[in-house]
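J.: Quick one: the structure is below, questions incoming.
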Amino acid sequence: MAEVRFEHVTKRFGETIAVNDLNLTIPDKEFLVLVGPSGCGKSTALRLISGLEEPTSGKIYIGDRLINDVAPKDRDIAMVFQSYALYPHMSVHDNMAFGLSLRKTPKPEIQRRVREAARVLGIEDLLKRKPRQLSGGQRQRVALGRAIVREPAAFLLDEPLSNLDAKLRVQTRAELSKLHQRLGTTFIYVTHDQVEALTMATVIAVMNKGFLQQVGKPQNLYERPDNVFVAGFIGSPAMNFFDVTVKGSQDGIYLDAGTFQVPVPKGKVGILNKYLDKKIVFGIRPEDIHSPEYMAPGIIASSIRAKVDVTELMGNEFFLHMLSDDKSFLARVDARTPAKPGQEIELVFNMANMHAFDSETQASLQSNSNSSRSGA
Amino acid sequence: MSMVQESSGTTHIFLRFLTSLRRLISRLPLHIILIGAALLWMTPTFGLLVSSFRPATAVGSTGWWTAFQTPFQFTLDNYSSVLSQNGMARSFLNSLIITIPATIIPILVAGFAAFAFAWMKFPGRNALFIFVVALLVVPIQVTLIPVLRLFTDVKLVGTFPGIWLAHTAYGLPLAIFLLRNFFGALPRELLESAYLDGASNMRVFFRLILPLSVPALASLAIFQFLWVWNDLLVALVYLQSPSKAPMTLTINNLVSSFGTQWQLLTAAAFISMILPLIIFFALQRYFVEGITAGAVKG
């Protein structure tokens, strides 16, 4: 199978534009995760690939084949739904065999594929049971098995982990990644959980309000987000944003947030020269804010003082909800840091990892040659 | 176990018994009212049942409640008389011939229609559905003469196909309404999964929708079966053929010819009741489910 390609695809539901001029290429054999908040158009984009929705305008290709008018069953794709959509009146075996029997696959071949898929997923003992006799995790495996036996060119997964408990979700994430490596087939996965995106994807596409925000490798989206939305969406806890003014001084450029000032490292000065005396959005991730006693070596440190509002001990680290006048932000510091609510403490920003965004367009001011509007 | 433990165990059981007793007593008035109403309601029917086993002389001279005093006079003659004479056996068969297709055909047609209304997109779908449901308000009486004229023109009067068609038409609005609501409540993703697996609409209908809709179909079958089995008016108007008369028509005729022979009338009535009673008790669960299915899931 070759790549899946959206060309200027728009999908309207009445007045609402669910997907707006989407241009996206999903390379063959990748694990692409479409991620974004509820209502961003990711599920619609998935359903457009499956054929369950038709685009209002634009073209969708699988390889060189235009599939706009191709029926869902002829697109050689298999879908795993959020609710699993198992046929309640059929056994696990019959659920998995249904699609194959419809295509008049010979019985021995059906048996072989069902047994093999059941073996891979560890559900051989469940073949005679009905869905209502299965746990959530087991049903999810059956749904996966039903897709696997079809041996499709691409798997489409619509938030398949949403209905699982937290522990099972973590376990299943790893299994899905392993499955992808084992099968070597394209996975197109939709989720609102950016942790799932970061952990499983080989390529992430972030969407918001029907628009594609950025496509790229997970590390690229994390280190070089194209705009404020992607910066705030990818990474947990979310990036801190401050409205600052770029000011010049004898020693160089600094960012004035009103209640604190931070110098801009030499490597970043070039991009901010055009913004002297102008407002920009300054972003810094909680993990790039350290306590001075326990900061990692090699960071470009810039101290500020702020008041501790709330503390959350996570075991291996401390989340400090800080207040600097009316500005609140979050810091992830070493668990040994002495900090109590109400206390004013010193924190250090690692300005090597600072982010800067245009106040009006919200676009990143840092050049991003590694990211593009395709998955390549 | 120590004495203390033993006595606390006994106390526990006693307390549970007291709680159950208290619950029973608090519900007693309600139970008495319900049982009383049920007995009152069943009394006339019970009286008819008793009368059907009494000889003509007893029925004509004394009330049915006296049957439980000596001398006991019970007989099966009434039933054998009704069955062997007056074409009652033939009528029973006719009732079956009329009712079974008139139950299956509307359900099948309504099933297809309900699936289309629930899951297929086509222009005018909503308007057409409203129109079909609106037909529920049309009284049968209004249709009798026009349909009779139509049947006369196409020579369907006095034929079984004619009466099957009539019952199908009368039963469709309700059947479509109930089934459409039930089908529409099935999870969308289930059908989408089937389409992706390669199922056509027909396959989805027969292998997915129908098996999952057994409660709704069963309750609809009971409604329709009872309605057609007990129907007199439609048979009276459209059949007009003594050899094809169902039981309702035959019993109606018996009233005029055996007006005072209650023992025969009651026996005939109970013969007519047997089959619906069997079906009702066999599918009782679906009947109750079906009453709420369309309403709640709609």
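J.: If we scan region B:173-189, do we find a residue that is within 14 Å of chain A (Cβ to nearest Cβ) and touching a helix residue (DSSP H, G or I) at 6+ places or on another chain (Cβ under 7 Å)?
T.: Here is the first cut: in region B:173-189, the residues within 14 Å of chain A (Cβ to nearest Cβ) are B:185-189.
Restricting the remaining residues to those that are touching a helix residue (DSSP H, G or I) at 6+ places or on another chain (Cβ under 7 Å) gives B:185-186.
Scanning region B:173-189 turns up at least one residue that is within 14 Å of chain A (Cβ to nearest Cβ) and touching a helix residue (DSSP H, G or I) at 6+ places or on another chain (Cβ under 7 Å).
J.: Does A:SER236 meet the test of being within 29 Å of the chain's Cα centre (by Cα), surrounded by fewer than 18 Cβ atoms within 10 Å (Cβ to Cβ) and not basic (Lys, Arg)?
T.: On the way: within 29 Å of the chain's Cα centre (by Cα): yes; surrounded by fewer than 18 Cβ atoms within 10 Å (Cβ to Cβ): yes; not basic (Lys, Arg): yes.
It is true that A:SER236 is within 29 Å of the chain's Cα centre (by Cα), surrounded by fewer than 18 Cβ atoms within 10 Å (Cβ to Cβ) and not basic (Lys, Arg).
J.: I've got another one for you. Which of (1) buried (at least 18 other Cβ atoms within 10 Å of the Cβ); (2) closer than 30 Å to A:ASP21 by Cβ does A:ILE271 not meet, given it meets every other one?
T.: For A:ILE271, the failing item is (1).
Per-residue answers, yes or no, for (1) more than 30 Å from A:VAL149 (Cα to Cα); (2) under 21 Å from the mean Cα position of the chain (by Cα); (3) modelled with pLDDT of 95 or more; (4) not charged (D, E, K, R):
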residue: B:LEU136; (1), (2), (3), (4): yes, yes, no, yes
residue: B:THR168; (1), (2), (3), (4): yes, yes, yes, yes
residue: B:LEU174; (1), (2), (3), (4): yes, yes, no, yes
residue: B:PHE182; (1), (2), (3), (4): yes, yes, no, yes
residue: B:ALA185; (1), (2), (3), (4): no, no, no, yes
residue: B:TYR195; (1), (2), (3), (4): no, no, no, yes
residue: B:VAL204; (1), (2), (3), (4): no, no, no, yes
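Table: residues versus (1) on the phi > 0 side of the Ramachandran plot; (2) without any contact (Cβ under 8 Å) to a residue 24 or more places away in the chain; (3) crowded, with 16+ Cβ neighbours inside 10 Å; (4) in contact with a helix residue (DSSP H, G or I) (Cβ under 7 Å, 6 or more places away or on another chain).
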| site | (1), (2), (3), (4) |
| --- | --- |
| A:THR56 | no, no, no, no |
| A:ILE62 | no, no, yes, no |
| A:ASN68 | no, yes, no, no |
| A:TYR87 | no, no, yes, yes |
| A:SER91 | no, no, yes, no |
| A:MET96 | no, no, yes, yes |
| A:LYS104 | yes, yes, no, no |
| A:GLU109 | no, yes, no, no |
| A:ASP125 | no, yes, no, no |
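J.: Right, something else. In region A:276-325, what residues are of a type in the set (D, E, K, R) and closer than 23 Å to A:PHE229 by Cα?
T.: Of the residues in region A:276-325, the ones of a type in the set (D, E, K, R) are A:277-279, A:285, A:287-288, A:293, A:305, A:307, A:309, A:312, A:317, A:325.
Result: A:LYS278, A:LYS279, A:ARG285, A:GLU287, A:ASP288.
J.: A further question on this structure: Please state which one of B:PHE206, B:PHE223 is closer than 27 Å to B:ARG285 by Cα, part of a helix (DSSP H, G or I), among the aromatic types (Phe, Trp, Tyr) and away from every other protein chain (no Cβ under 14 Å). Can you show your working first?
T.: On the way: B:PHE206 fails: away from every other protein chain (no Cβ under 14 Å).
Matching residue, one of B:PHE206, B:PHE223: B:PHE223.
J.: Return the residue satisfying two criteria in turn: it lies in region B:190-203 and is part of a helix (DSSP H, G or I) and among the polar types (S, T, N, Q), and of such residues it is farthest from the other protein chains (Cβ to nearest Cβ). Lay out the reasoning, then the answer.
T.: The initial filter retains those residues of region B:190-203 that are part of a helix (DSSP H, G or I), namely B:190-197, B:201-203.
Next, only the ones that are among the polar types (S, T, N, Q) stay: B:193, B:201.
Details: B:SER193: 4, B:ASN201: 12 Å.
It comes out as B:ASN201.
J.: Another question, then. From the list A:VAL4, A:VAL19, A:VAL33, pick out the single residue that is at pLDDT 95 or above and under 22 Å from the mean Cα position of the chain (by Cα). Steps first, please.
T.: Values: A:VAL4 fails: at pLDDT 95 or above; A:VAL19 fails: at pLDDT 95 or above.
It is A:VAL33.
J.: Output the residues belonging to region A:129-154 that are within 14 Å of another protein chain (Cβ to nearest Cβ), surrounded by fewer than 18 Cβ atoms within 10 Å (Cβ to Cβ) and within 13 Å of A:MET90 (Cα to Cα). Steps first, answer last, please.
T.: Within region A:129-154, the first condition is being within 14 Å of another protein chain (Cβ to nearest Cβ), and the residues that meet it are A:130-132, A:139-140, A:142-154.
Keeping just the survivors that are surrounded by fewer than 18 Cβ atoms within 10 Å (Cβ to Cβ) gives A:130, A:132, A:151, A:153.
Correct list: A:LYS130, A:ARG132.
J.: Related question: Which of the residues spanning region A:85-102 are more than 14 Å from B:LEU191 (Cβ to Cβ) and among the hydroxyl-bearing types (Ser, Thr, Tyr)?
T.: Those that are more than 14 Å from B:LEU191 (Cβ to Cβ) and among the hydroxyl-bearing types (Ser, Thr, Tyr): A:SER91, A:SER101.
J.: Scan region B:38-65 residue by residue and report those that are of a type in the set (Phe, Trp, Tyr) and farther than 13 Å from B:THR266 by Cβ.
T.: Quick first cut of region B:38-65, residues of a type in the set (Phe, Trp, Tyr) only: B:41, B:46, B:53, B:64-65.
Those that are of a type in the set (Phe, Trp, Tyr) and farther than 13 Å from B:THR266 by Cβ: B:TRP41, B:TRP65.
J.: Would you be able to say whether some residue in region A:106-128 is within 14 Å of another protein chain (Cβ to nearest Cβ) and out of contact with any Leu (no Cβ under 8 Å at 6 or more places or on another chain)?
T.: No, region A:106-128 has no match at all.
J.: If a residue must be modelled with pLDDT under 90 and within 30 Å of A:ASN23 (Cβ to Cβ), how many such residues does region A:317-376 contain?
T.: Of the residues in that region, 11 qualify.
J.: Let me ask you something else. Sort out which residues of region A:287-320 are under 22 Å from A:ILE253 (Cα atoms), surrounded by 13 or more Cβ atoms within 10 Å (Cβ to Cβ) and of a type in the set (Lys, Arg), and write them in order of number.
T.: Result: no residue meets the conditions.
J.: Let me ask something additional. Scan (1) of a type in the set (Lys, Arg); (2) over 29 Å from the mean Cα position of the chain (by Cα); (3) at pLDDT 95 or above for the single condition A:LYS247 breaks and write down its number.
T.: Going through (1) of a type in the set (Lys, Arg); (2) over 29 Å from the mean Cα position of the chain (by Cα); (3) at pLDDT 95 or above one by one, A:LYS247 breaks only (3).
J.: Here's a follow-up. Would you mind stating whether B:PRO211 is farther than 15 Å from B:PHE112 by Cα and either within 13 Å of chain A (Cβ to nearest Cβ) or touching a Gly at 6+ places or on another chain (Cβ under 6 Å) (or both)?
T.: no
J.: Can I ask one more? Would you be able to tell me the number of residues in region A:59-94 that are facing another protein chain (nearest Cβ under 10 Å) and touching a Pro at 6+ places or on another chain (Cβ under 6 Å)?
T.: Within region A:59-94, residues that are facing another protein chain (nearest Cβ under 10 Å) and touching a Pro at 6+ places or on another chain (Cβ under 6 Å) number 6.
The values are calculated or read from the model by the stated rules, or taken from the named source; none is laboratory data. All values reported here derive from a predicted model rather than from experimental measurement. Counting neighbours? That spans all protein chains shown, and the Cβs are built from the backbone with ideal geometry, glycine included.
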